[in-house]
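Enquirer: The structure that follows is given in the form of structure tokens.
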Amino acid sequence: MGAPEIHILSAGSALPGPAVDNAALARRFRMDSLWEQWVDTFIGTRSRHLAVDLDSGEIGASLADLGEAAARTALTRSGLRAADVDVIVMATATPDSLMPATVNVIADRLGVDQVPSYQLQSGCSGAVQALDLACQILRAGRHRTALVLGGDVIARFYDLDVDLRSVPPSELVNFVLFGDGAGAAVLSADPGPGSVTVRSVLTRLVGLGRAPGATLEWFGPAGHGASRAQERPAATEDYKAIERLVPAMSLEVLHELLDELEWKGDDVDYLLPPQLSGRMTALIGQRLGVGSSQVSCVDETGNVGNGVVFFQLERMLARISPGERAVVVSIESSKWIKAGLALEAT
């Protein structure tokens, strides 16, 4: 008997607080209308949800809060209970603490116990890495059902007192690119109503000799004092390198997945492209040139890091029909990881 096929039964997501549009950011950081127009034109992300209140600086939601909410939604949609979960995996770049691992805090809240648990430290592609690990575990045959999570709370790295007019571009872009959120998916060795089958998973480090495209320190200004952040920024982004490399890497992922499965571009019904920013996502989607439907969330949610793929899966699962196929492309710029999924509704 060969390894079982793995199916994604459901997905769920969670966002903190109301949407924060570009005008609200401009008011909070004392930027003029030209800055707001620059964000609209060159970044293309209209809004995002933040776990930090921009007026008070208080953190209103933790990653564990968001992960728990997303997991409950995914489990409900799958028709399964927490007691049915055999393994739990989470990917994040921003755990609530170094210990205990956020995945275990979420498991405790859900009532998941006596199962293997894993937390992966990664950027955006961590979602695919977590799905890959869960697929490998389920294919080994010892477990039948996996709960996979991904998410980030990046707003706590904001310095709310900073004057953005004096911030270098490598730091400035972080204030508009990202949002906070978490997502979850239920995977099973048994198909279910509306499920999709995982046909292929790709995740590969390709950062040898390449400078990091993004850095994120363990500390943020909140609770640590602005002086520490001034010595070494909590977060930086080489957006020019990302604009140059991510589209080409996305094309490589697409071709590798299609070649492996002997699919043609016309065989792909849904494309789930990288969610860097509204503008970049649109450009990458055009360059890839597959999928009559593109599934995107970044315009409204911002780049929610390890939550992105789950947000897209949630939207796709609500629309996909039997026989249709989908390709997910995810690129991590911190040390350059190519990742992707090929899915088929059967």
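Rule-based calculations on the coordinates, nothing more; no lab input. In this text, all values refer to a predicted model and were calculated from it rather than measured experimentally. Here the Cβ is made from the backbone with ideal geometry for all residues, glycine too, and neighbour counts use every protein chain on show.
Enquirer: By average Cβ neighbour count within 10 Å, what is the ranking of 303-311, 283-291, 135-143 from highest down?
Expert: So the order, starting with the most tightly packed, is 303-311, 283-291, 135-143.
Enquirer: For LEU205 and ALA24 in one chain, what is 0.36 nm times their gap in residues minus the Cα-Cα distance, to one decimal in nm?
Expert: 61.4 nm
Enquirer: Still on this model: Size of the dipole of the chain about the Cα centre, Lys and Arg at +1 and Asp and Glu at -1 on the beta carbon, nothing else charged, in debye to 20?
Expert: My answer is approximately 260 debye.
Enquirer: For THR215 paired with SER166, estimate the spin-label separation in nm (one decimal), with each label point 7 Å from Cα along the Cα-to-Cβ line.
Expert: Taking the two extended label points, one gets 2.1 nm.
Enquirer: Also, I was wondering about something else. For the chain, with the dipole built from +1 on Lys and Arg beta-carbon atoms and -1 on Asp and Glu ones, taken about the Cα centre, which of ASN174, ALA64, GLY213 lies farthest toward the positive end?
Expert: GLY213
Enquirer: Can you classify segment 1-152 as rounded, prolate or oblate using the Cα gyration tensor, where a ≥ b ≥ c are the square roots of its eigenvalues, rounded means a/c under 1.5, and otherwise it's prolate if a/b beats b/c and oblate if not?
Expert: Since a/c reaches 1.5 and a/b is larger than b/c, the shape of segment 1-152 is classed as prolate.
Enquirer: What GluC sites (Glu not before Pro) in segment 35-116 are in a loop by DSSP, with at most 15 other Cβ atoms within 10 Å of the Cβ?
Expert: GLU58
Enquirer: OK, next. Cα centroid distance between segment 290-346 and segment 80-122, in Å?
Expert: About 22 Å separates the Cα centre of segment 290-346 from the one of segment 80-122.
Enquirer: In segment 60-169, if the dipole is taken from +1 on Lys/Arg beta carbons and -1 on Asp/Glu beta carbons about the Cα centre, which of LEU75, ALA140, SER122 is farthest to the positive end?
Expert: Going by the charge dipole, the pick is ALA140.
Enquirer: Could I ask something else about it? Based on the mean of other Cβ atoms within 10 Å per residue, sort peptides 256-263, 271-278, 177-184 so the most packed one is first.
Expert: 177-184, 271-278, 256-263
Enquirer: Can you give the helix-only mean residue ellipticity at 222 nm for the chain, where every DSSP H stretch with n ≥ 4 adds -39500 (n - 2.57) and the sum goes over all residues, rounded to the nearest 500 deg cm²/dmol?
Expert: That calculation yields -9500 deg cm²/dmol at 222 nm.
Enquirer: Suppose R0 equals 25 Å. What FRET efficiency, 1/(1 + (r/R0)^6) with r the Cβ-Cβ distance, do LYS240 and ASP53 give to the nearest 0.05?
Expert: 0.20
Enquirer: Along the Cα-to-Cβ line of GLU260, 7 Å from the Cα, sits a label point; which residues in segment 325-346 have backbone N less than 20 Å from it?
Expert: 325-333, 336-346
Enquirer: For a protection proxy built on the mean count of beta-carbon atoms within 10 angstrom, sort 105-118, 318-331 highest first, please.
Expert: Per-residue Cβ counts within 10 Å, averaged per peptide and sorted highest first, yield 318-331, 105-118.
Enquirer: Okay, next question. Test of understanding: ordering VAL162, VAL153 by Cβ neighbours within 10 Å, fewest first, what list do you get?
Expert: VAL162, VAL153
Enquirer: Let me see the pair-distance distribution of the chain: every alpha carbon pair, 10 Å bin width, integer percents in order.
Expert: 6, 27, 35, 23, 8, 1, 0
Enquirer: In nm, what is the difference between 0.36 nm times the number of residues separating MET99 and THR346 and their Cα-Cα distance?
Expert: So the chain would gain 84.9 nm between MET99 and THR346.
Enquirer: Apply the membrane-span-like helix rule to the chain: whole DSSP H runs, Cα extent along the own long axis of at least 27 Å, mean Kyte-Doolittle hydropathy at least 0.0. List the helices found.
Expert: Flagged H segments are 239-261.
Enquirer: Next question, about the same structure. What's the magnitude of the charge dipole for segment 196-344 around its Cα centre, counting Lys and Arg as +1 and Asp and Glu as -1 at the beta-carbon? Answer in Debye, nearest 20.
Expert: 420
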